[in-house]
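Everything below concerns the one structure shown next.
Read-outs throughout are calculated quantities, based only on the coordinates presented, and are distinct from any laboratory measurement. These numbers were taken from a predicted model, which means no experiment stands behind them. Reconstructed Cβ throughout: ideal geometry from the backbone, glycine too, with neighbour counts over all protein chains shown.
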Amino acid sequence: MLQVKELTVHYGKALAVENVSLDVKEGEFVAVIGPNGAGKTTLFKTISSVIKPSSGEIYFEGKRIDTLPPHEVAKLGIAHCPERRRLAYRMTVMENLELGAYLRDDREGIAEDLNYVFELFPILKERKNQKAGTLSGGEQQMLAIGRALMANPRLLMMDEPSVGLAPLMKERIFEAIEEIKMERKVTILISEQDASLVLPMSDRAYVMETGKIKMEGRGKELMDNDYVKVTYLGL
Amino acid sequence: MRGMRQGMGQVGQGMGLMQPKKFAVPLVFVAIATIIPFIAPSVYLLHVLILAHIFVIYAASWDILTGYTGQLNLGHAMFFGLSAYVVAITNTMLKTPLFLSVLMGVASAFILSVAVGLPCLRLRGPYLAITTFSFSWVLFLLASSAMIWLSGGEEGVRGVKTFIVGTIPNYYLSLVLMLISVYILYRIASSETGLILKAIKEDEDAAMACGIDTTRYKLLAFLMSGTFAGIAGAFYAQYMRIVTVDVVTLELSASAIAFSLVGGIGTIIGPAMGAYILTILFEGFAWLADYRVLIYNLIIVSFVLFLPGGLMSLRDLLRRREEEGGGVGGA
């Protein structure tokens, strides 16, 4: 479904992503784990075309997308739930969700998905007329995921959904992500620093360090890998 | 896109009950504004109010681009001024009929907004502010020195025709023009388009990730903003019958910001209110005019510090008090 081929990305002269190849098949749950500054966010931003690569190609369902503007990429069915949420903080919860559904015309589908988001995160329903900036960090993350779901995407990209959250809230968010994985027919690409949360539910995972893919494998395999155990799981 | 609001509406927002209250204030304003010429038939007062009407349109048009879309425009006078000059010059020198001159004036503001808007689409923050400022500065330099043979400099272009002679008819004409313009801008701002413009102001990258073609909407905001400022400038030219460099000054550009800050940026109605109040204040106390730039700056600084949401935020505060009093407010 998604193929990233030999992608290299620079910020000015600084190299952020170097020769990264990655693929995600329809229906898969794929994780990218790695420390701060590994290039995970840059990789995601390049896939959604907010950043242009210096070399390499990205294909979505056989169509080349790295040359398209970001809104065209969104139209193909890729929803990007960005790092640190990037909500419209001075707009209400409801308005943020509306923006997520910007590309859609199907009334019934939108209403259904809105109900789904409210079932998944009941607190958002309670606070639907509140400004997004007044929500707690965890609630804002819920809203960011909800906004991405409102697009009814084929590929849902979540960039570090647990960043900056308390342990309990992290678990709550990952329970919701597990539910999305089970109940929705959506392919998921997720990046995360906390490998212990994401590896158990991943079909496959990539380990990314200093801009490169260090290793890849099935989620369970990587959990048994000595290097991953020591470096990421703290075992 | 069309399904967005309707689909969301099925869950029910329950905000419809506010309607009668929402119309009360504008209706009272229109009623009072309509009878003013009868209860206070002072030519001077009406003249001040006509200017106020013109600057209301001018301030509201600035707000759609800067207040809503977040594209900081420091040179809004360029649209107002170009339109006013085009009306005056074509009408007096080329002897085109006034109606055609006005059309050309508004069209020139529209074209200028494309010319400024297109290069500005790729600029953000301070770069955009400097660019808009520079464009208006160039226009000011042309009008005040380089093209003085055309603009007349401080002397200005005199003898512009007017649609209707007399203060009272011009009062009503400007009132109607203001009400229509503000209504249109307000409706756009409260529509889905307004929601999208606000989303661009909040976070342009995030808006793009939602599939919004932000370039298109930013250009649209430029066009609406420039065109309505052009309408205000064209009306000004035919009413004043003289156009001087005043219409392209830095001071006029700054006034858009001061008006809007007083009323409340990003609300359309707020900047309109601010323009109305400040124009009356300045014209009513003519001796203040010498200190105008100083006062604008004081206003800008003090509102940013003490009431960044402007007068409109007082209304929200009252509303919240009311709700809490009724026991609706949450923890």
### Query
Can you work out the base-10 log of I(q)/I(0) for the stretch B:14-108 at q = 0.12 1/Å, using the Debye formula on its C-alpha atoms alone?
-0.66
### Query
Tell me which aspartates and glutamates have Cα within less than 14 Å of A:K131's Cα, excluding those fewer than 8 residues away on the same chain?
A:E95, A:E98, A:E139, B:E202, B:D316
### Query
What's log10 of I(q)/I(0) for the stretch A:2-233 at q = 0.10, 0.11 Å⁻¹, Debye sum over Cα points only, no solvent?
-0.44, -0.53
### Task
Starting at the first residue of the stretch B:280-294, write each ³J(HN,Hα) from the Karplus equation 6.51 cos²θ - 1.76 cosθ + 1.60 with θ = phi - 60°, in whole Hz, x for Gly and Pro.
4, 4, 5, 6, x, 10, 4, 5, 5, 3, 5, 9, 3, 4, 4
### Query
P(r) of the stretch A:71-204 in 10 Å steps, Cα pairs, percent per bin?
12, 47, 35, 6
### Query
Can you list the lysines whose alpha carbon sits under 27 Å from that of A:K229, skipping same-chain ones fewer than 8 residues off?
A:K25, A:K40, A:K170, A:K181, A:K212, A:K214, A:K220
### Query
For chain A, with the dipole built from +1 on Lys and Arg beta-carbon atoms and -1 on Asp and Glu ones, taken about the Cα centre, which of A:G56, A:S191, A:A14 lies farthest toward the positive end?
A:A14
### Query
Which angle between 0 and 90 degrees, to the nearest 10, do you get for helix B:98-120 versus the longest principal axis of chain B when only C-alpha atoms count?
60 degrees
## Note on the structure
chain B: relative contact order from alpha carbon pairs under 8 Å, six or more residues apart, as a whole percent, is 30 percent
### Query
Size of the dipole of chain B about the Cα centre, Lys and Arg at +1 and Asp and Glu at -1 on the beta carbon, nothing else charged, in debye to 20?
600 debye
### Task
Any lysines with Cα under 23 Å of the B:K95 Cα? List them, leaving off those in the same chain fewer than 8 positions away.
B:K161
### Task
Give the dimensionless ratio obtained when the Cα radius of gyration of the stretch B:41-325 is divided by 2.2 N^0.38 Å.
0.98
### Query
Of A:R86, B:R187, how do they rank once you tally other Cβ atoms within 10 Å and put the fewest first?
B:R187, A:R86
### Summary
Between the Cα axis of helix B:77-92 and the main Cα principal axis of chain B, the angle (0 to 90°, nearest 10) is 40 degrees
### Message
About the Cα centre, and with charges only on the beta carbon of Lys, Arg (+1) and Asp, Glu (-1), how big is the dipole of the protein assembly as shown? Nearest 20 debye, please.
### Response
1140 debye
## Note on the structure
Once phi for every residue in the stretch B:121-133 is put through the Karplus expression 6.51 cos²θ - 1.76 cosθ + 1.60 (θ = phi - 60°), the whole-Hz ³J(HN,Hα) values, with Gly and Pro written as x, are 4, 8, 9, 10, x, x, 5, 5, 4, 5, 5, 5, 4
### Task
Report, by chain and number, residues whose modeled amide H sits under 5 Å from the one on A:Y206, excluding near sequence neighbours (fewer than 5 apart, same chain).
A:A31, A:V32, A:I33
### Query
To the nearest 10 degrees, how steep is helix B:167-190 against the longest Cα principal axis of chain B, on a 0 to 90 scale?
40 degrees
### Task
Return a whole-number percent for the relative contact order of chain A, with Cα pairs under 8 Å and 6 or more residues apart as the contact set.
27 percent
### Message
Can you work out the Karplus-derived ³J(HN,Hα) for every residue in the stretch A:202-209? Use 6.51 cos²θ - 1.76 cosθ + 1.60 with θ = phi - 60°, whole Hz, and x for glycine or proline.
### Response
8, 5, 9, 8, 10, 9, 10, 9
#### Entry: Relative exposure of B:W62, B:W137, B:W287, judged by other C-beta atoms within 10 Å (fewest first)
B:W287, B:W137, B:W62
### Exposure proxy order (Cβ contacts within 10 Å, fewest to most) of A:M94, A:M182, A:M157, B:M93
A:M182, B:M93, A:M94, A:M157
### Query
Quick one: Cα centre-to-centre distance for the stretch B:47-111 and the stretch B:142-207, in angstrom?
4 Å
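Give me the Å³ per residue figure for the convex hull around the C-alpha atoms of the protein assembly as shown.
Spelled out: Cα convex hull of the protein assembly as shown, divided by residues, is 173 Å³.
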### Query
Nearest 20 debye, what's the magnitude of the dipole of the stretch A:13-142 about its Cα centre given +1 on Lys and Arg Cβ and -1 on Asp and Glu Cβ?
680 debye
